[in-house]
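Participant: Next up is a structure, given as structure tokens.
The values are calculated or read from the model by the stated rules, or taken from the named source; none is laboratory data. If you're wondering where the values come from, they're calculated on a predicted model, not measured in any experiment. No Cβ is skipped: glycine too gets one built from the backbone with ideal geometry, and neighbour counts run over all protein chains shown. For the accessible areas, the whole protein counts, side chains as well, though only heavy atoms, and no ligand, DNA or RNA atoms are used. Shrake-Rupley method; radii C 1.70, N 1.55, O 1.52, S 1.80 Å.
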Amino acid sequence: MSVQSPISSVNDFVVRFANVNGSGSASANELFARSILRHGVPVSPRNIFPSNIQGLPTWYEVRVTEDGHLGARGGVDMMVAMNPQTWDKDVASIEPGGYLFYDSTKPMPTSKFREDITVIGVPLTAITNSTYTDPRQRQLFKNIIYLGALCALLDLDPKLVEQLIGEQYKGKEKLLSSNVHALHLGRDWALQNLKCPIGLRVKKSDKVGDRIFIEGNSAAALGAVYGGATVCAWYPITPSSSVAEAFTSHCKKYRHDPETGKAKYAIVQGEDELASIGIVIGASWNGARAFTATSGPGISLMTEFIGLSYFAEIPAVIMNIQRAGPSTGMPTRTQQCDVIACAYASHGDTKHVLLFPEDPAEAFEFAAAAFDLAERLQTTIFLMLDLDIGMNHRLCRPLKWDDAKQYDRGKVMTAEMLEEGRDFGRYLDVDGDGIPYRTYPGTHPTKGSYFTRGTSRDRYARYSEEGAVYADNMQRLVRKFETAQDMVPRPLQANAAKPTKYGVLYFGSTSPAMDEAIGILEARGHQLDRMRIRAFPFHSSVASFIADHDFVYVVEQNRDAQLRQLIVNENGIDPVRLVPILHYDGTPITARFIANSIGDHQDHLKVTPLRKAVT
Amino acid sequence: MTYIAKPKFHHPGLKKNELGYTHRDYEGKISTLCAGCGHDSITASIIEACYELSIEPHRVAKISGIGCSSKTPDYFLGNSHGFNSVHGRMPSVLTGANLANRDLIYLGVSGDGDSASIGFGQFAHSIRRAVNMTYIVENNGVYGLTKGQFSATADRGSKSKKGVTNTDNAIDLVAIALQLGATFVARSFSGDKTQLVPLIAAAIRHKGASFIDVISPCIAFNNHAGSTKSFDYVREHNDAVNRLDVLVGRDPISVDYAPGTVQVVEQHDGTRLALRKLDADYDPHDRLGAQTFLQKHAAKGQIVTGLLYVDPDAEDLHTHLDTVETPLNTLDEQALCPGSAVLDKINASLR
Ligand SMILES: Cc1ncc(C[n+]2csc(CCOP(=O)(O)OP(=O)(O)O)c2C)c(N)n1
Ligand code: SF4
């Protein structure tokens, strides 16, 4: 084996913690990530957890990135190996020249290490056992002790870590001091017994700015609060449960009547997804803003109701936190694999609006906007997150709200309007935009009532199965979908430094990896214009972008190039013009992957005539 | 064509209720169900009950699933909003609607196929959640709209029109509603207007989950005597359903009998139902007693009718969720949005 010099890097490395689920490591690991942020250095953490509860392996990865690359990087510079079960795999995954941190209480045979890495042993169990007698304390404080040792090894300022612990245990003095004590136990041992710091270091910087650190699911839930949602019905499913849980806690804080203390919201844990979407539809039909949060399997169950929402024109907001499918697939892994399932959910001819936020800040904005859109368009709006944004903390711009903003309740005919003698036909296209007026139940004693149904009806909501009447209605729904094109968030385009014949399309959580990949590709001499799609129906600029380039890469995290299919299908684009770049192993897409895939293709173009390359 | 039975005094300008509404104000479209269908009699009882209660018709939201029974909301309270949702999912839609506006009256209409099979879960959960509603199952033991398959309330040993014997046990929705904590539980017979009208009226007044199972004979699939071909033919040409009654029409079955007695009712197909009306001294405040009573008489082959259980101090879902008195659908951005100053604080806490 060649002699490998240890990796040396300041503010740019990846640490991965390998733990046993249920050992209480999550909060210590998160504390580690937050501590680095307090040094003014951006981090991008990721939970990597298989679908099990207790005792099985779990990982937490922290990418320290002074340059602010928030996508996954790939590779591990330092492994904190706390799980004997996954030891071999963990050790094998360390980059050459990297570091292995382990509990050296029990001696390990040398065959268990690698020669090309630096091994750092700390007798964590021994230190813990000599200090604590209570078994739970031993387990929890062991995590804080390794955090202390890492402080010394990576040159973290212990004051900043203490400050964070102080915030976490505000008002709980005993817990605060015992945690700080454990932190120092680890740090002092490392300083006395090891060569500190190592090649990986954290140095104070000012690259975080006013950005916030938040999970996408929590931000989306907050968006629902700001967007005026009052009814939430949901059924537990990873990775979406934390949306409803966060909505509950936000509502508890911000949504009580100051005088009576009563709730200005209703949250129901449904018996299943069928009931959850049913409750949403019932509430929206009755004029409340309502939503549900779910994931792929839940969407499958909801589709009949989604068809009803489309055809009977009832607003609904569904937050779909995508995970790897099909079926139970990989429940705790990320993908962007429900694009087609949501765009065309349900039987018959249906089409639905999809919103694709790139990060928590956009998840907040789009979630709030989804309620305006749902009421404006009287249809289902899907907020398409995925596990990578939903369940990981991301650094993003602060959330913003304009206090002058008023909710757009859409076309609702009031008792006064009916009294004035306005013609009310529930499915009458008065403005030519395909969007009819609706009335809320109970509006007027004699005017404006109608019967909502999934069966065909005429413009005045009278049951009719006459072909022409049905077709008229279906045409209007197409018009309405065309109207939606200009109401949803537009795609964002960024051009390469030099004019180029090539473009790239991407969406959602791929964003940070794409940003980084563009830099890598430029360095390799490849210029690419890029467009981030933020919604379906696609804005006309998507077709123009494709027309303006010889061909366009479409980067997505699923096997079947679902976004590409949708673009081809909806815009009548020649599929040959769209080159799929697909990542679907359940891990978040990395800049390395994108840059390599596109870069290799581009390099190939240099030596191959274009036509051959793209067919 | 089937017309809703209209009371004798039903002339415009004649009898009015406290609000000045006549019966006509509580009627809906003309029914397209088979003449003699028990469901139409239930419709008539709903109209009567709402009239007697002097309810403002437009303050009622009438919600159903899919089935002949679920079509009936179109045939009463024409000035209120109706919602024919999807098969078996009326309860969730009603729950949502109720959460949005606690001030309306919620009438849920369903069939035994709708509620005891595909919608069994939703039936159970809306009741255990204590949604303030009147949940009526128009129970004919068969799937009417899909032409006569057994429903889950069909008795074991009973025969379908095609001669198939039902080998599955029956679900008794009343027994289940009692077990799930419904605070108003009743069973009645579509043809017993004297009993049904006050039951519906009381259920509407009740604050909490009211459940009424109404035995409602299906003329088409309890009718084994001929006309099948013609009926099927018409059935398959759905927009011609109005002609049905010409082919298979019968008078709706009606009964009137004294409390405490048993009345044997012959259905269109000749099968007999033994209805036992509850005694005047029956105590409807004893849930356990009601369950025992029900089971005891079921063992004798009798169907107990009347108000089996009521909790006069019932609470509803809004009480449990402790929601504001103002309907949630009327709250505006002022009431709902915490504003930018709060958001700034939230941002600060996330650094
Ligand atoms: C998801 C779904 N499955 C099946 C059907 C077909 N279907 C329509 S009505 C019905 C049963 C109706 O029976 P019931 O509720 O007892 O009402 P009835 O017609 O007897 O009054 C069925 C199975 C449907 N509409 N939707
Ligand atoms: S098929 Fe049966 S349930 Fe349906 S309308 Fe006819 S009689 Fe009534």
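Participant: Does A:SER309 satisfy the condition of being within 14 Å of chain B (Cβ to nearest Cβ), under 25 Å from B:GLY108 (Cα atoms), surrounded by 24 or more Cβ atoms within 10 Å (Cβ to Cβ) and touching a Pro at 6+ places or on another chain (Cβ under 6 Å)?
Facilitator: no
Participant: I've got another one for you. Applying the selection to segment B:85-96, what residues are at the interface with another protein chain (Cβ under 7 Å from one of its Cβ atoms) and either touching a residue at least 12 places away in the same chain (Cβ under 8 Å) or surrounded by fewer than 24 Cβ atoms within 10 Å (Cβ to Cβ) (or both)?
Facilitator: Of everything in segment B:85-96, those that are at the interface with another protein chain (Cβ under 7 Å from one of its Cβ atoms) and either touching a residue at least 12 places away in the same chain (Cβ under 8 Å) or surrounded by fewer than 24 Cβ atoms within 10 Å (Cβ to Cβ) (or both) turn out to be B:SER85, B:VAL86, B:ARG89, B:SER92, B:VAL93, B:LEU94, B:THR95.
Participant: Filter segment B:19-73 down to the residues that are within 13 Å of ligand 2 (Cβ to nearest atom) and of a type in the set (Asp, Glu) and list them by number.
Facilitator: B:ASP40
Participant: Hey, does segment B:301-319 have a residue that's more than 10 Å from chain A (Cβ to nearest Cβ), exposed (fewer than 15 other Cβ atoms within 10 Å of the Cβ), closer than 25 Å to B:ILE171 by Cα and not charged (D, E, K, R)?
Facilitator: yes
Participant: When you go through (1) over 27 Å from A:GLN168 (Cβ atoms); (2) in a loop (DSSP other than H, G, I, E, B) one by one for A:VAL41, which number turns out not to apply?
Facilitator: Result: A:VAL41 fails condition (1) only.
Participant: OK, next. Listed residues B:PRO57, B:PRO73; which is crowded, with 23+ Cβ neighbours inside 10 Å, within 22 Å of A:LEU308 (Cβ to Cβ) and touching a residue at least 24 places away in the same chain (Cβ under 8 Å)?
Facilitator: Just a single option satisfies the conditions, and that option is B:PRO73.
Participant: Right, next: Could you list all residues from segment A:312-332 that are assigned to a loop (DSSP other than H, G, I, E, B), more than 13 Å from chain B (Cβ to nearest Cβ) and buried (at least 24 other Cβ atoms within 10 Å of the Cβ)?
Facilitator: Of everything in segment A:312-332, just one residue is assigned to a loop (DSSP other than H, G, I, E, B), more than 13 Å from chain B (Cβ to nearest Cβ) and buried (at least 24 other Cβ atoms within 10 Å of the Cβ), namely A:ARG323.
Participant: Check off (1) within 14 Å of chain A (Cβ to nearest Cβ); (2) at pLDDT below 95 for B:ASN329 and give me the number that stays unchecked.
Facilitator: (2)
Participant: How about segment A:562-584: which of its residues are in a loop (DSSP other than H, G, I, E, B) and in contact (Cβ under 8 Å) with a residue 12 or more places away in the chain?
Facilitator: Hits for segment A:562-584 are A:ILE573, A:HIS583, A:TYR584.
Participant: Condition first: more than 14 Å from chain A (Cβ to nearest Cβ) and either away from ligand 1 (no atom under 16 Å from the Cβ) or part of a loop (DSSP other than H, G, I, E, B) (or both). Now tell me which residues in segment B:46-62 satisfy that.
Facilitator: Once the filter is applied, which keeps residues that are more than 14 Å from chain A (Cβ to nearest Cβ) and either away from ligand 1 (no atom under 16 Å from the Cβ) or part of a loop (DSSP other than H, G, I, E, B) (or both), segment B:46-62 yields B:ILE47, B:GLU48, B:ALA49, B:TYR51, B:GLU52, B:LEU53.
Participant: Any residue that is surrounded by fewer than 21 Cβ atoms within 10 Å (Cβ to Cβ) and either among the hydroxyl-bearing types (Ser, Thr, Tyr) or in contact with a Phe, Trp or Tyr (Cβ under 7 Å, 6 or more places away or on another chain) (or both) - is there at least one of those in segment A:290-303?
Facilitator: yes
Participant: Could we say that A:VAL14 is over 20 Å from the mean Cα position of the chain (by Cα) and closer than 22 Å to A:ALA595 by Cβ here?
Facilitator: Yes: the conditions hold for A:VAL14.
Participant: Now for a separate question. Across segment B:161-188, what is the number of residues that are part of a loop (DSSP other than H, G, I, E, B), more than 16 Å from ligand 2 (Cβ to nearest atom) and surrounded by 15 or more Cβ atoms within 10 Å (Cβ to Cβ)?
Facilitator: 7
Participant: State whether one or more residues within segment A:347-370 are of a type in the set (A, V, I, L, M), without any contact (Cβ under 8 Å) to a residue 60 or more places away in the chain and surrounded by fewer than 23 Cβ atoms within 10 Å (Cβ to Cβ).
Facilitator: No.
Condition check ((1) farther than 23 Å from A:VAL353 by Cβ; (2) basic (Lys, Arg); (3) at pLDDT below 95; (4) open to solvent by 40 Å² or more (accessible area, probe 1.4 Å)) across all residues:
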site	(1), (2), (3), (4)
A:ASP386	no, no, no, no
A:LEU399	no, no, no, no
A:GLN406	no, no, no, yes
A:ALA415	yes, no, no, no
A:GLU420	yes, no, no, yes
A:ARG426	no, yes, no, no
A:PRO436	no, no, no, no
A:PRO441	yes, no, no, no
A:TYR450	yes, no, no, no
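Participant: Looking only at segment A:258-271, how many residues end up being at the interface with chain B (Cβ under 9 Å from one of its Cβ atoms) and open to solvent by 40 Å² or more (accessible area, probe 1.4 Å)?
Facilitator: 2
Per-residue answers, yes or no, for (1) among the basic types (Lys, Arg); (2) at pLDDT 95 or above; (3) more than 28 Å from the chain's Cα centre (by Cα):
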{"site": "A:ILE546", "(1), (2), (3)": "no, yes, no"}
{"site": "A:VAL555", "(1), (2), (3)": "no, yes, no"}
{"site": "A:GLU570", "(1), (2), (3)": "no, yes, no"}
{"site": "A:ILE581", "(1), (2), (3)": "no, yes, no"}
{"site": "A:GLY586", "(1), (2), (3)": "no, yes, no"}
{"site": "A:ALA595", "(1), (2), (3)": "no, yes, no"}
{"site": "A:GLY599", "(1), (2), (3)": "no, yes, no"}
{"site": "A:GLN602", "(1), (2), (3)": "no, no, yes"}
{"site": "A:LYS606", "(1), (2), (3)": "yes, no, yes"}
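Participant: Of the residues A:ALA513, A:ALA517, A:ALA484, A:ALA461, which is open to solvent by less than 20 Å² (accessible area, probe 1.4 Å), in contact (Cβ under 8 Å) with a residue 12 or more places away in the chain, hydrophobic (A, V, I, L, M, F, W, C) and within 12 Å of chain B (Cβ to nearest Cβ)?
Facilitator: A:ALA461
Participant: Which numbered condition in (1) part of a loop (DSSP other than H, G, I, E, B); (2) closer than 25 Å to A:ALA288 by Cβ; (3) more than 10 Å from chain B (Cβ to nearest Cβ) is the only one that A:ASP423 fails?
Facilitator: (2)
Participant: Out of segment A:61-84, which residues are open to solvent by less than 20 Å² (accessible area, probe 1.4 Å), closer than 21 Å to A:GLY121 by Cα and not charged (D, E, K, R)?
Facilitator: Once the filter is applied, which keeps residues that are open to solvent by less than 20 Å² (accessible area, probe 1.4 Å), closer than 21 Å to A:GLY121 by Cα and not charged (D, E, K, R), segment A:61-84 yields A:VAL62, A:VAL76, A:MET78, A:MET79, A:VAL80, A:ALA81, A:ASN83.
Participant: Wholly within segment B:64-138, which helices (runs of 4 or more DSSP H) include no fewer than the required count, namely at least 2 residues that are near ligand 1 (Cβ under 9 Å from one of its atoms)?
Facilitator: Because the criterion is at least 2 residues that are near ligand 1 (Cβ under 9 Å from one of its atoms), the helices (runs of 4 or more DSSP H) in segment B:64-138 that meet it are B:68-71.
Participant: Of everything in segment B:143-160, what is within 16 Å of ligand 2 (Cβ to nearest atom) and either open to solvent by 50 Å² or more (accessible area, probe 1.4 Å) or at positive phi (or both)? Give them in sequence order.
Facilitator: Result: B:TYR143, B:LEU145, B:THR146, B:LYS147, B:GLY148, B:GLN149, B:PHE150.
Participant: Let me ask something else about it. Quick check: is even one residue across segment B:97-113 within 14 Å of chain A (Cβ to nearest Cβ), within 16 Å of ligand 2 (Cβ to nearest atom) and modelled with pLDDT of 95 or more?
Facilitator: The answer is yes; a qualifying residue exists.
Participant: Hey, can you tell me all the residues within segment B:121-142 that are more than 11 Å from the chain's Cα centre (by Cα), closer than 20 Å to B:ILE303 by Cβ and open to solvent by 10 Å² or more (accessible area, probe 1.4 Å)?
Facilitator: B:ASN140, B:GLY141, B:VAL142
Participant: If we scan segment A:495-503, do we find a residue that is buried (at least 19 other Cβ atoms within 10 Å of the Cβ) and touching a strand residue (DSSP E or B) at 6+ places or on another chain (Cβ under 9 Å)?
Facilitator: Yes, segment A:495-503 contains a residue that is buried (at least 19 other Cβ atoms within 10 Å of the Cβ) and touching a strand residue (DSSP E or B) at 6+ places or on another chain (Cβ under 9 Å).
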